[in-house]
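J.: Quick one: the structure is below, questions incoming.
Nothing in this text is a laboratory measurement; each read-out follows from the coordinates by a stated rule. This one's a predicted model, so the numbers in the text were calculated from it and none came from an experiment. Here the Cβ positions follow ideal geometry from the backbone for every residue, glycine too, while neighbour counts run over all protein chains shown.
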Amino acid sequence: MDFRFDIIIEYLPLFLKGTLMTIGISLAAIVIGSILGLVIGLGRMSHRTYFSWPTAAYINFFRGTPLLVQVYLVHFAVIPVFLGRTDVITAAIAALSLNSAAYTAEIYRAGIQSVDKGQREASYSLGMTHFQAMRHVVLPQAIKRMIPAFGNEFIVLIKDSSLVSVIAAPELMYWGKVMVTQYARFWEPYVTAAVIYFILTYSLNKLLAYIERKM
């Protein structure tokens, strides 16, 4: 097999640019998704149906439909409503954030429910409000238990970010497709992209394992 390293070297700056874009989009999506997921997760656990039903519907929709479909919907239907035009970066971050929020909401719910109820009851007996008990007692313990699950979600998000290449977001996979179009070769661009994705996810996995040990 003729493997051309010269075209990989030629495209290396663009692959680097795409890698930085992938990291940026993924970071933005995990931050926004985590914040939104916390709100949705708390709503999902609420005993009030006007909170629990909409959040349950949200989780079921985003976990039950393909991310690719969500990317198209956000890009072509949702973003133009708010901006009056489409924007690939905004659409990419929004789609990944909304999808991630559904999964992080379940992570929060499982983590919070794993904390013994007696901890909450003890907080109430000390005069804490529900919000104070969550903030000072329940969440600090739950978050430590949620680190592995959040790590897995972030790794999945980095890999799923490759799907936003279908709307021409200039991330890593996009430049791989550009290289395929220019040279009509498949091994070089896709193997290069795969190696970079592996380096990103492997490094993140090691970092999260270190954080988990420390905490």
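J.: At what distance in nm do the modelled label points of R85 and A57 sit from each other, each positioned 7 Å from its Cα along Cα→Cβ?
T.: Roughly 3.4 nm, to one decimal.
J.: So for the range 132-215, Kirkwood radius off the Cα pairs, Stokes-Einstein at 4 °C and 1.567 mPa s: how many µm² s⁻¹?
T.: In µm²/s, the coefficient rounds to 86.
J.: Now for a separate question. Each residue of the range 45-59 in turn: what ³J(HN,Hα) in whole Hz from Karplus with 6.51, -1.76, 1.60 and θ = phi - 60°, glycine and Pro shown as x?
T.: 8, 5, 7, 8, 5, 6, 9, 6, 5, x, 5, 5, 5, 4, 4
J.: How many lysine pairs in the chain, separated by 8 or more positions in sequence or lying on different chains, have Cα atoms less than 22 Å apart?
T.: 8
J.: What is the chain's relative contact order, in percent, from Cα pairs under 8 angstrom and six or more apart in sequence? Could the numbers behind the result be given before it?
T.: Details: 237 pairs, mean separation 63.6, N = 215.
RCO, the chain: 30 percent.
J.: Based on DSSP H runs of at least 4 residues, each adding -39500 (n - 2.57), what is the mean residue ellipticity at 222 nm of the chain after dividing by all its residues, to the nearest 500 deg cm²/dmol? Display every interim value, and only then the final one.
T.: Values: 10 runs with 171 residues, N = 215.
So the calculated ellipticity at 222 nm is -26500 deg cm²/dmol.
J.: Which FRET efficiency value, to the nearest 0.05, do you get for Q132 and K159 by plugging their Cβ-Cβ distance into 1/(1 + (r/R0)^6) with R0 = 45 Å?
T.: Here the calculated transfer efficiency is 0.75.
J.: For the chain, restrict the atom set to alpha-carbon positions and state the Rg and Dmax in Å.
T.: 20.5, 72
J.: Another one. For the peptides 85-93, 101-109, 21-29, what is the packing order when you average, over each peptide's residues, the other Cβ atoms within 10 Å and list the highest mean first?
T.: Peptide ranking by packing, descending: 101-109, 21-29, 85-93.
J.: Assuming 0.36 nm per residue, please report the length gained on full extension of the stretch K206 to F186 beyond their Cα-Cα distance.
T.: Numbers: separation 20, 0.36 × 20 = 7.20 nm, distance 3.00 nm.
Result for the pair: 4.2 nm of gain on full extension.
J.: Please find the FRET efficiency linking L20 to Q119, where r is the Cβ-Cβ separation and R0 is fixed at 30 Å, and quote it to the nearest 0.05.
T.: With a Förster radius of 30 Å, E is 0.10.
J.: Continuing with this model, one more query. Please give the contour-minus-distance gain from R145 to I7: 0.36 nm per residue of separation, less the Cα-Cα distance, rounded to one decimal in nm.
T.: Computed gain between R145 and I7 is 45.2 nm.
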